[in-house]
Amino acid sequence: MAHIPNYIRIKEYIIENINRGNYKPGGRVPSEKELGELFNVSRITATTAIRDLVSDGIVYRIQGKGTFVADKKEEDLRNHKVYGFENNSSLNEGYHETIRRHTISAGKELSTKLKINEKDELHEIIRIKVIDGKVNAVEYVYLPVKYYLSLDIDNEDINLIHDLVEKYCFLKQKRAKVYVEPILPTKEQADTLKINSENPVLLWEKFTYSEEEKIIEYSKNVINSDLYRFYMDLDLKKNNSVG
């Protein structure tokens with residue numbers, strides 16, 4: 001019989017206990033030290049097992065507190081609410097907390113994305129999304145000031161970005177293009193999400209276009225991929241394609 005590596009044994013032990021309900025979603029699993037003592041292996045071996053489980057989305061880490069069982073939720077990309085595509089069916093799920101709002105110069109990177117001049121001014125809004133007491137995402141929103149002349153960013157009650165664009169942008173929004181890709185978070189983002197900076201997150205970028213094909217909103221969300229997964233339900237009879 002082939003030898004089973006110790007870190008695989010630890011992974012199977014944790015998964016089995018999750019499946020049996022011994023470790024419930026949101027509940028703590030044994031620490032690397034406890035697992036090392038339980039299986040009589042080094043802490044490095046136990047850490048390897050936990051790192052693999054984190055990568056698989058089965059558990060997640062909170063710095064200084066421990067490792068916990070992930071409670072994954074599914075989101076339909078076409079009807080997505082929490083990170084950009086908003087609809088009333090999930091308005092009562094969690095809340096946004098604004099971290100910073102002010103006006104900045106576009107600079108090289110943002111001017112390239114928004115196809116404007118580097119010296120053009122932008123309204124910048126940075127928020128976190130909190131669900132069940134956990135920070136699920138960090139959201140960055142950029143609105144070219146020249147399209148939002150009547151918006152007082154310091155005093156506006158910000159809830160749905162879609163409504164903000166609809167109310168204050170003098171150009172009508174027509175469509176949006178979204179890109180999703182895995183990235184590594186910055187230290188600041190990792191600290192905010194309470195994850196290890198080596199844990200991949202999902203970057204969700206959205207470009208909102210006007211009827212004149214001007215980019216009137218650019219937003220990006222750094223999403224804790226330990227807590228969410230996304231799916232698309234395609235109607236193949238309508239000749240939908242991916243790629």
| Just one of the numbered conditions (1) free of Cβ contacts under 8 Å to residues at least 12 places away in the same chain; (2) closer than 30 Å to K65 by Cα; (3) out of contact with any Ser or Thr (no Cβ under 9 Å at 6 or more places or on another chain) is not true of T192; which one? | (1)
| note | Checked region 127-148 for anything assigned to a loop (DSSP other than H, G, I, E, B) and modelled with pLDDT of 90 or more; matches are Y148
| message | For the structure I just gave you, tell me whether S31 is surrounded by fewer than 19 Cβ atoms within 10 Å (Cβ to Cβ) and in contact (Cβ under 8 Å) with a residue 60 or more places away in the chain. | response | no
| remark: Within region 135-159, residues farther than 13 Å from T98 by Cβ and touching a strand residue (DSSP E or B) at 6+ places or on another chain (Cβ under 9 Å) come out as V135, N136, A137, Y142, L143, P144, V145, K146, Y147, Y148, L151
| Taking region 25-41 on its own, how many of its residues are charged (D, E, K, R) and not in a helix (DSSP H, G or I)? | 1
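Taking region 152-185, which residues are in a strand (DSSP E or B) and either under 25 Å from E213 (Cα atoms) or not assigned by TED's automatic domain parsing to the domain that holds T103 (or both)?
Q173, K174, R175, A176, K177, V178, Y179, V180, E181
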| request: Filter region 186-224 down to the residues that are of a type in the set (S, T, N, Q) and either in a strand (DSSP E or B) or surrounded by 22 or more Cβ atoms within 10 Å (Cβ to Cβ) (or both), then identify the one that is modelled with the lowest pLDDT. | output: N224
| Do we have L143 as touching a residue at least 12 places away in the same chain (Cβ under 8 Å) and under 24 Å from the mean Cα position of the chain (by Cα) here? | yes
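The values are calculated or read from the model by the stated rules, or taken from the named source; none is laboratory data. Computed from a prediction, not measured in an experiment: that's the story for all the values here. Every residue, glycine as well, gets a Cβ built from its backbone with ideal geometry; the counts of neighbours run over all protein chains shown.
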